[in-house]
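Report on one structure; see the data block that follows.
The values are calculated or read from the model by the stated rules, or taken from the named source; none is laboratory data. Only a predicted model underlies this, so the values are computations on that prediction, with no experimental measurement involved. In this analysis, Cβ positions are derived from the backbone assuming ideal geometry, glycine residues included, and neighbour counts consider all displayed protein chains. Each accessible area value is taken on the protein alone, full model and side chains, heavy atoms only, with ligands, DNA and RNA left out. Shrake-Rupley method; radii C 1.70, N 1.55, O 1.52, S 1.80 Å.
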Amino acid sequence: ISPDGTHVYAAGGTSAKIYDYALDAQGLATLANTIDTIDGYPTGLAISADGTKLYATHYTLDLVAVYDAASGAKLRAGQAGKYAFGIGLSADGTTLYVSNWGQKKAGGDGLVTVLDEATMAKKAEIVVGKNPERIVDDSAHGRLFVLNSDQETVSVIDLATDTVSGTIPLLTAADAPTGVFPLGAALSPV
């Protein structure tokens, strides 16, 4: 959702498009623009604080591209990890966090790639849980939440240190059935 609340953007996956919907005063959406992206199955989206830039992960190309929100022009791109999926943007707009669904380190854990927004250069990699997907932005409180779909956990990333400060288990008991498979989450307003 754009910072001013007037547009909603949706990643188009196999269509290789980003859909821009304008919201009217009643909250009804109308397709306003279709952005043709580079191919590569756009999945995750983030938007700059001023609403001028869209950041999209391209799952099958292992990269992130930056688009002008108004014109749809590609501004730049940078390499992320294997199967770039979710994306988060730091509150100051200088750092991108990309979950890499297919990237694993020893022990089967996944990675979040940290990219410099201006240069798209890799700054760091953060080991999280298995098959990280969505990133929930809580940069107002100095953290991001990464949903690890195949581990049924949520990794909490401390943005001051770019490290995992905690892991939230989603199974409530040792013998609980699996299948939670977290794909989406939202934060309460408080």
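Reported count of residues in region 1-16, each being in contact with a Ser or Thr (Cβ under 9 Å, 6 or more places away or on another chain) and open to solvent by 60 Å² or more (accessible area, probe 1.4 Å), is 1. Just to be sure, is Ile126 touching a residue at least 24 places away in the same chain (Cβ under 8 Å), within 20 Å of Gly13 (Cα to Cα) and hydrophobic (A, V, I, L, M, F, W, C)? No; evaluated as a whole, the condition is false for this residue.
Per the listing Gly5, Gly13, the residue uniquely at pLDDT below 95 and either polar (S, T, N, Q) or closer than 27 Å to Asp92 by Cβ (or both) is Gly5.
For region 51-81, the set of residues classified as open to solvent by 30 Å² or more (accessible area, probe 1.4 Å) and farther than 17 Å from Tyr97 by Cα consists of Thr52, Thr60, Asp68, Ala70, Ser71, Ala73, Lys74, Leu75, listed by residue number. Between Asp36, Asp20, the distinction of being open to solvent by 20 Å² or more (accessible area, probe 1.4 Å) and over 28 Å from Val164 (Cα atoms) belongs to Asp36 only. You will find that of Gly44, Gly51, Gly81, the residue that is closer than 21 Å to Val136 by Cα, in contact with a Pro (Cβ under 7 Å, 6 or more places away or on another chain) and in contact (Cβ under 8 Å) with a residue 24 or more places away in the chain is Gly51 and no other. Residues of region 60-75 that are under 24 Å from Asp4 (Cβ atoms) and either basic (Lys, Arg) or part of a strand (DSSP E or B) (or both): Val64, Ala65, Val66, Tyr67, Asp68, Lys74, Leu75.
A single entry from Ala73, Ala25 fulfils the requirement of being small (Gly, Ala, Ser), more than 29 Å from Leu159 (Cα to Cα) and touching a Phe, Trp or Tyr at 6+ places or on another chain (Cβ under 7 Å): Ala73. When we screen Val146, Val136, Val154 for residues that are touching a residue at least 60 places away in the same chain (Cβ under 8 Å) and either within 20 Å of Lys82 (Cα to Cα) or open to solvent by less than 30 Å² (accessible area, probe 1.4 Å) (or both), the only hit is Val146.
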